[in-house]
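One structure below.
The values are calculated or read from the model by the stated rules, or taken from the named source; none is laboratory data. Keep in mind it's a predicted model, so treat the numbers as computed, not measured. Cβ sites come from the backbone with ideal geometry, for glycine too, and all protein chains shown count toward neighbours. Ligands, DNA and RNA are stripped out before the accessible areas are found, and what is left, the full protein with its side chains, is counted by its heavy atoms. Shrake-Rupley method; radii C 1.70, N 1.55, O 1.52, S 1.80 Å.
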Amino acid sequence: MAADAASDDQRTTVRATASRAADAAGAKRTRTVAVRLTDAEEAAWIAAAAADGHRQLGAWVRERAVAGYLGKVRAKTGGGGLSAEAAAEVAAMRQQMTKVGNNLNQIAKAINAGQVPPQMAESLQKGWLEKWGQELGRMADRLDALDDQG
């Protein structure tokens, strides 16, 4: 019991130190960690990174490792990962959602400033918001379907 408590205290201390190191602003990364993978493992990691919206495998690995160890990100639920095709589909939907979100932000900024350009007013009158609301609904349905498969 006492050994378990001491071990837990040591892990807590190590995690706190690692958390401060991970949060260090402007710290340049100078260390490399190598991991050997099978072709299948690499493909699975690439698909998982893409599903999480990452283009760089190293950044995804670092984020997942640090977050998992430090408990900063809730682990994903569900059984298994997505196929490469599904991961690519999710990545494409994320990009499209980002574009729509950027457009919505520009619209909100213009409306709040009382300066709606003629092109924006025309797009809004032609049902731009309704169109993209429906498209986002379709994307949400597809993501739910992919989640049910995973």
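The label point for A65 and the one for A88, both projected 7 Å from the Cα toward the Cβ, are 2.8 nm apart. One chain, two ends: T38 and Q125. Fully extended at 0.36 nm per residue, the span grows by 25.9 nm beyond their Cα-Cα distance.
Using equal-weight Cα scatterers in the Debye expression, the normalised intensity of region 95-150 in log10 at q = 0.13, 0.20 Å⁻¹ is -0.42, -0.77. Taking 0.36 nm per residue of sequence separation and removing the Cα-Cα distance, the Q56/T30 pair yields an extension gain of 7.6 nm. If you plug the beta carbon distance of V116 and L136 into 1/(1 + (r/R0)^6) with R0 = 35 Å, you get a FRET efficiency near 0.95.
Protein heavy-atom accessible surface, 1.4 Å probe, per residue over region 87-150: 71 Å².
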